[in-house]
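What follows is a set of notes on a single structure, which appears directly below.
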Amino acid sequence: MTGLTGSALRLTVLIGESDTWHHRPLYSEIVHRAHAAGLAGASVFRGIEGFGASSLIHTSRLLSLSEDLPVAVVIVDTAQRVRAFLPQLDDIVAEGLVTLEDCEVIRYAGRGDDPGTADTKGKRSL
C-alpha cells in the first residue's frame, strides 16, 4: 500500500521471543499474516529486558532468562485496515499484550517512491 499519510492506527503486539505458532516464531507468523493482508508495513523489535503479566523479568544479562526476550511487533496502517486485521491475532496470540494507538503518518515511501536516486547502498541523493 503506498500513499499512506495522515491519520493512522499503530498496532503493537508484545510477546516473548520464544513464543511459537505451529513450530514457527510467533512474531514471524504475525508479520507474514500482516503482509498477506496487504497492510502497509510491519516491523519486529527485540527487547533487551522486560516483564509482562507473569511478572517474571526477562533480560539479556542472565543466560537462563535470555532465551525468551521481549519482542514487539509494530504494524501501522489505516484504522479500518488494522481493525480488520485484529481477528487474525485472536487465534495465535495466547499470551502477551496487544495495543492500538492513534498516530499520524508523516512520510511513507519505499525505495522507488522517493524523489531523487538511490545509490548502491540505498542512500538517497537529490
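For His35, what accessible area in Å² do you get when you roll a 1.4 Å probe over the heavy atoms of the protein chains, rounding to the nearest 10? For His35, the solvent-accessible surface is approximately 150 Å².
Computed across the range 1-98, the Kirkwood hydrodynamic radius from all distinct Cα-Cα pairs reaches 14.1 Å.
Calculation over all alpha carbon pairs of the range 1-49 in 5 angstrom steps from 0 returns a P(r) of 4, 17, 26, 23, 16, 8, 6, 1 percent.
The values are calculated or read from the model by the stated rules, or taken from the named source; none is laboratory data. The structure presented is a predicted model; accordingly, all values stated were derived computationally and were not measured. Just so you know, the surface numbers come from the protein's heavy atoms only, side chains and all, with ligands and any DNA or RNA stripped out. Shrake-Rupley method; radii C 1.70, N 1.55, O 1.52, S 1.80 Å.
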